Amino acid sequence: MTSTLPVPAASGERTGHMVICGDDGLAHRLAVELDAVCGEVVTVVMPSAADVHGAQVAALHRDPDSAVRLHVAARPDEATLRAAGVERAAALALTYRDDQVNVTAALLARAVNPSVRLVVRMFNRERGSHLERLLDRAAGLCDAPAADTSTTVLSDADTAVPELVAAAAVGHGHTLQVDGRVFRGVVRPAGTPQHATDLATLAVLSGAHEDDPASQDSPETAGEDGTQLLPDDRTAYHRQFTHGRLMLEEVVQHHTAEPARRTRHFRPVRWVRARLAHLPWRVFLSRQLAAVYGSLAAVVGALATATALFADEHPWWKNFYLPLLDIFTMGDPATEESPARRILQLVAGFVGLAVLPLVVAATMNATDAFRTASANHPPGEDVSGHIVLVGLGMVGTRALDRLRTTGHRVVAIERDPRARGVALARALGVPLILEDATAPGVLELARVRQCRSLLVLTRDDGQNLDILMAVREYHPGVRVVARLYDDDFAATVQRTLRASYPDALTRSRSVSALAAPSFAAAMMGRHVLGVMPVERGSLLFTCVDVAGHPELEGRSVHQAFRRREWRVLAVGPVGGGTGDSGTPRVPDLDAFDWRPAQGRVLAAGDRVVMATTRRGLDVLMTGVAGRG
């Protein structure tokens, strides 16, 4: 069953609209981004208007100044896609959490409208690359321009993880990772000179929260006293004495080198002893197991005594052996023996019926506890300066992979032994604790007091908040970065914790809010390398070929600058080709000049990395699309 809420009269009907199909917060955040930028009708397909995300989209729909429409449908079948207007849509985003649902809907959408630009959310990278090629080949069979039929596969985990990881690894200030290099937005307080490491001025802050340009709860001052993104040199110079500035600098990461290990010959006996010594044998000394087996020993002792008194067996050890066989129903019937022996055998049989279930249950519990404890590989007592990663789901797995790739020490905590990242953690040799991080003693076992930062990435907002509050009580000074699904909730948590612990660095981030700008840019045919929030606004970083661009080719770096729209950050040679969607791939950034002279003239063989506003990106890329 499907339904569409009526369109507000003020919104009007416009062509070339966008369609979003999803079932979580990413669809809502993407609708907000497109509503603010693209200037066209945005139709959002969601399973329900009653859940939290559907209600948020419905609120946008009721806003007379918004062009967002809500279409309610259980699944994105062909009828739903047609009802949402995919046949005449310029772009379609499929953001369901299930990869299979997105793949099926993408194939249907390509059949319904071969010229629609597709943006598909997928976690599986290999499957995503296959899907891109398949759908682009299908689009090539139609007569529409190639730029309009591109397919872009994105992962919200891959898009958001660099910011989450960099916040945990680098610390204060928003970060940007491009081609393995890390850049950071650093606040220079009012009255301080520019540092030698500063690459460019990104913004002059409003003064509401000059110490935290990432703050999403600070009201932005209007007019000339407000936040000014990408100001000109004169404005930046005069206001540096009264306002803080956000500067871009490259982060040089220094990792502690691992001490060289001596080559040793493999010794099987020593290896076995080491493994046996680290096994959790203590679980077999639990009170439950001791009580059950102690009771069994007492019963055997009592029966052995009775056998010795009333049915003396020779030799003496039979007084213990025969009752044990009788308890476990393993002995032969005592039909040819004395009446006392037959009676004791019956008593031992009834005792076995009562005791054996307890013995089996206690043994199984101890075995399960031993197996679970054996799977844990907690860090050694000499581990310090590491990053504690809680949660090894989709986002946590990507974060673990990136942290290990960049050489950071990691200790992982995950309560589900079947989670995606558990196998990866074991393969990488990462210390792993398979316990609930909120359980007593787990954070201590991960050596949180000695860690560099704590990265909390479970899917449960409530659990993430519990861990946040627990670690603030346990270790108030540790740097904490937490993933919270709802953007407004994340801002509220960050504001509250910052007020309660002003000396501690707390970052709460919404994955959907971090990923939405890249999805929105892809829907509009734009290529975004990264996004850096600045108070209520944001800066986008993109790569553009100079050749044929009317705003760039033949102009100096100074002339190519547009106040509050874009700024050239680096200039390098064209290389690396273009991606599947026709956007330039970023070549090796080591070949780029990150301090280009203002008088340097941009030539046709150059490629530039630029910081832009949302409006600037649209204008900048329109120039690219319009060149002949």
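Count neighbours as other Cβ atoms within 10 Å of each site's Cβ, and list the chymotrypsin sites (Phe, Trp or Tyr not before Pro) in the range 479-522 that are DSSP loop with at most 15 such neighbours.
Within the range 479-522, no chymotrypsin sites (Phe, Trp or Tyr not before Pro) qualify (loop, at most 15 other Cβ atoms within 10 Å).
Heads up, I need the accessible area for H130: 1.4 angstrom probe, whole protein in place, Å², nearest 10.
For H130, solvent-accessible area is about 90 Å².
How long is the gain from R287 to R82 if the chain were fully straight, where each residue apart is worth 0.36 nm and the alpha carbon distance is subtracted?
Gain on extension, R287 to R82, equals 67.3 nm.
If we count every other residue with Cβ under 12 angstrom of G54's Cβ, Lys/Arg +1 and Asp/Glu -1, where does the sum land?
Charge balance in the 12 Å sphere: -3.
Using a Förster distance of 56 angstrom, determine the FRET efficiency expected from the C-beta separation of S500 and T104, and round it to 0.05.
0.75
Hey, if you drop one equal point scatterer on each alpha-carbon of the range 297-412 and run the Debye formula without solvent, what base-10 log of I(q)/I(0) do you get at q = 0.10, 0.12, 0.13 Å⁻¹?
With no solvent term, the Cα-only Debye profile gives -0.54, -0.59, -0.63.
What number in nm² do you get for the range 31-97 if you take the convex hull of its Cα atoms and divide its surface by four?
4.6 nm²
Over the range 40-113, average the accessible area per residue using a 1.4 Å probe and give it in Å², no decimals.
Per residue, the range 40-113 has an accessible area of 37 Å².
Just subtract the alpha-carbon distance of A308 and M469 from 0.36 nm times their residue separation and send over the number in nm, one decimal.
Separation in residues times 0.36 nm, less the Cα-Cα distance, equals 51.6 nm.
So if R0 is 30 Å, what FRET efficiency would L358 and E336 give, r being the distance between their Cβ atoms, rounded to the nearest 0.05?
Between L358 and E336 the formula returns 0.40.
Taking all protein chains together and a probe of 1.4 Å, list H195, H314, H61 from the most accessible to the least accessible.
Of H195, H314, H61, the descending order of accessible area is H314, H195, H61.
Can you give the accessible area per residue of the range 449-575, in Å², using a 1.4 Å probe?
34 Å²
Going by average Cβ neighbours within 10 Å, how do the peptides 301-311, 159-169, 431-441, 542-552 rank, with the highest at the top?
Most protected by this proxy first, the peptides run 159-169, 542-552, 431-441, 301-311.
Let me check I've understood the local charge: for W566, count other residues with C-beta under 14 angstrom from its C-beta, Lys and Arg +1, Asp and Glu -1. What total comes out?
Taking every other residue near W566 into account, the sum is +4.
Quickly work out the W317-to-A427 label distance, labels modelled 7 Å from Cα along the C-beta direction, and quote it in nm with one decimal.
5.3 nm
How many angstrom lie between the Cα centre of the range 46-67 and the Cα centre of the range 392-450?
Answer, in whole Å: 37.
Distance from the Cα centre of the range 72-125 to that of the range 282-361, in angstrom?
Taking the Cα centre of each part, the range 72-125 and the range 282-361 sit 70 Å apart.
Around L403, under 13 Å between beta carbons, what's the net of Lys plus Arg minus Asp minus Glu among the other residues?
+4
Under the classification rounded if a/c is under 1.5, otherwise prolate if a/b is larger than b/c and oblate if not, where does the range 406-455 fall, given a ≥ b ≥ c as square roots of the Cα gyration tensor eigenvalues?
Oblate.
The values are calculated or read from the model by the stated rules, or taken from the named source; none is laboratory data. The model shown is predicted, which means the values in this text are computed figures rather than measured ones. Ideal geometry is used to build each Cβ from the backbone, glycine not excepted, and the neighbour counts take in all protein chains shown. These area figures cover heavy atoms from the full protein model, side chains too; ligands, DNA and RNA do not enter into them. Shrake-Rupley method; radii C 1.70, N 1.55, O 1.52, S 1.80 Å.
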